[in-house]
Structure formats: structure tokens, C-alpha cells
Amino acid sequence: MLALGGSSHDGQLRLDVTALRVKVAPCPLCGPSLLVRLSQSQLGVRCIRCRASSITMSLVAVLKQLSPNLTDKSIYELSSRGPLFRLLRRRAGQLTISEFFDHVAPGDYGNGVQCQDLQALTFPDKSFDICTSTEVFEHVPDDRQAFREVYRVLKENGVLIFTVPLREKGPTIERARMESGRIVHLKPEQYHSDRLRGAGQVLCYRNYGADITGRLEEAGFSSARIVRLDSKLWWGLSAPVIMARKTSPPANRS
Ligand SMILES: [Zn+2]
């Protein structure tokens, strides 16, 4: 097992020698670099310099297309470590970060990082220009409420840009739900890893399909879409990135 630091979702990474490839290529986060493929997975593709996975590189590639200059942007990133956090800390005009801690009240701090429950954010309305996240929403019990909350704290014309594991075909599969504070499993349990809790510790509530854009629109977002990067990038292992914008409802437009 080869442990690699990365963004908050990755945990540990297994090296598959038969998949091993290396090439000189630009990294969206840190520029000219050496990329390595350690396994046939999005988390197996890494930048040697900043250690971003292809998930983080995909997100940043789309973010840069959207907003090449972040110095006048107020950004809310849903993690407190990893290459994306480090990039935003250098580039964003203002950066707000949070994590969800099981035993810290939302708004309070654990290890110097603010705890936020995406289903009930403590931020005022219209606080941020951009909200970013990688591999978070599949772990939120009520994602529709979370999307409504992110919509609320985004400024007018603000953008939510994020990744989740997306099924190639078919609709979202609900795997579990919260009922009266208890988790009810609808399908065999799936767990993902993160750097706070370790490998295989975070329950996956659902496997998203392309209908995720409908959930975002239900929450108030407009023009929700899935951006797919050039399929030849990164040995074909780029990640789809979901983007949605907060615009005024039609009734408010002149
Ligand atoms: Zn890099």
C-alpha cells in the first residue's frame, strides 16, 4: 500500500504495477509537471508536484475555465486540506473552509477548522461567489437540503462547482436515508475513505446519476450541467464536474 497525501476524499491509494504510467504534462493546479498513473482509477492519477488526483485536476480545470482569476472571488471550499485547499488559499480573494465533525456543533471549531453541516449552514445569505467541493455530497443524508443551503449562501450569479462519483448510465440510486436521526439502509452499505476518518469510514448515501442536475434545479439553481473534459486527458481518467449557477428567478428579472 502506498500512502499519498491528497484531497480530503482520497485516503490511501493502492499501487497497481501493471497500470503504472508516467508522462510530462501540465497540471491545472501547479503548471508544468509529471503525472503518474498508479492504478486504473481517477484517484490513481496524480500530479507528482502537488499530489492532486485527476478528480481535483478536473475540478480545477473547469474552475479556471469559469474564472481564470480568483483574486476578486469569495470562495467556500468544503474541506480543510489537500491540494485544492492549498491552491485556493494562494489564489482566492477570500477563502472560507469547513469540515463536518461528528462531535462539534455547526459553527464551532474542531482542531482550528469550522464545523459546518451542509444541511444547515451557519453563514448569512449571499456570502460567497463560488462554492467548491470534491466527493462530499454523496455523504450528506439530505442532499436536496444541502443544495438549497449552498444556493442560499451563494451571491447572485454565484456558482457551485463540484465532483461526486457519477454513474455512467441510469438514475441516482438511493442507498440510505436518515429517519428521525437514524440511518436506514436501502441497499448494501458502501463506505468511502477520507483523511479525517480514514479508509472506508464514510457512508455513501447514494450513487448519483446524470439526474443530479435536476436536483440542483429543484434547489433553485439554473443551467446545472455536467462538464466532461477531453476524454484523452490523463489516460482517459478525468472526472466529470458538475456546475450550477444561482440566477434570479424569472419573476424578479426586468
Ligand atoms: Zn500539480
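The values are calculated or read from the model by the stated rules, or taken from the named source; none is laboratory data. All values reported here derive from a predicted model rather than from experimental measurement. All Cβ positions, glycine included, derive from the backbone under ideal geometry; neighbour counts span all protein chains shown. Note: areas computed on protein heavy atoms with side chains; ligands, DNA, RNA excluded. Shrake-Rupley method; radii C 1.70, N 1.55, O 1.52, S 1.80 Å.
Normalising the average separation of contacting C-alpha pairs (under 8 angstrom, six or more residues apart) by the number of residues puts the relative contact order of the range 170-251 at 23 percent.
Screening the chain for whole DSSP H helices of 30 Å or more along their axis (Cα) with average Kyte-Doolittle hydropathy at least -0.5 returns none.
Rounded to whole numbers, the Karplus 3J(HN,Hα) couplings from phi for the range 220-231 are x, 5, 10, 6, 6, 8, 9, 9, 10, 7, 3, 5 Hz, using 6.51 cos²θ - 1.76 cosθ + 1.60 with θ = phi - 60°, and x at Gly and Pro.
Dividing the helix sum by the residues of the chain, where each DSSP H run of 4 or more adds -39500 (n - 2.57), gives a mean residue ellipticity at 222 nm of -4500 deg cm²/dmol.
Partnerless cysteines in the chain, where a partner means another cysteine C-beta under 4.7 angstrom, comprise CYS115, CYS131, CYS204.
Along the axis of the charge dipole computed for the range 143-243 (Cβ charges of +1 for Lys and Arg, -1 for Asp and Glu, origin at the Cα centre), the listed residues ILE173, THR213, ASN157 are led at the positive end by ILE173. Considering only VAL227, VAL136, PRO188, and ranking their Cα positions along the charge dipole of the range 53-252 that arises from unit charges at the beta-carbon of Lys, Arg, Asp and Glu, the one farthest toward the positive end is VAL227.
Between the amide H of TYR205 and those of HIS139, VAL140, distances stay under 5 Å, these residues lying 5 or more places away or on another chain, with hydrogens modeled in the peptide plane. Excluding ligands, DNA and RNA, the accessible surface per residue across the range 112-217 is 45 Å² with a 1.4 Å probe.
Restricting attention to the range 53-252, close to 55% of DSSP beta bridges with both partner residues there are antiparallel.
For LYS169, a cut-off of 25 angstrom between C-alpha atoms picks up these lysines, skipping any fewer than 8 places away in its own chain: LYS187, LYS232. With Cα atoms defining each centre, the range 145-223 and the range 89-138 are spaced 16 Å apart in the structure. Pairs of Cα atoms nearer than 8 Å and 6+ residues apart set the relative contact order; for the chain it is 17 percent. Karplus-based coupling profile of the range 189-204, in residue order and whole Hz: 5, 10, 10, 10, 9, 8, 7, 7, 9, x, 6, x, 10, 10, 5, 9, with θ = phi - 60° in 6.51 cos²θ - 1.76 cosθ + 1.60 and x standing for Gly or Pro. For the chain, the square roots of the Cα gyration tensor eigenvalues, ordered a ≥ b ≥ c, give a/c below 1.5, which places it in the rounded category. Amide H contacts of CYS27: SER33, each under 5 Å away and 5 or more positions distant or on a separate chain (H built 1.01 Å from N in the peptide plane; Pro and chain starts excluded).
Straight-distance candidates among the lysines for linking to LYS246, with alpha-carbon spacing under 16 Å and chain neighbours fewer than 8 residues away dropped: LYS73, LYS126, LYS155. For the range 53-109, the solvent-accessible area works out to 46 Å² per residue, with a probe of 1.4 Å and every protein chain left in place.
Remark on ALA239: its backbone amide H falls under 5 Å from those of SER58, a criterion applied only to residues 5 or more positions apart or on other chains, H modelled at 1.01 Å from N.
Per-residue Karplus couplings for the range 92-104, computed as 6.51 cos²θ - 1.76 cosθ + 1.60 with θ equal to phi - 60°, are listed in order as 6, x, 9, 10, 10, 10, 7, 9, 9, 10, 4, 10, 10 Hz, Gly and Pro entered as x. As a fraction of the 1.4 Å probe accessible area of the range 53-252, surface on carbon and sulfur atoms comes out at 48 percent. Per-peptide packing, taken as the mean over residues of other Cβ atoms within 10 Å, places 195-203, 145-153, 114-122 in the sequence 145-153, 114-122, 195-203 from highest down.
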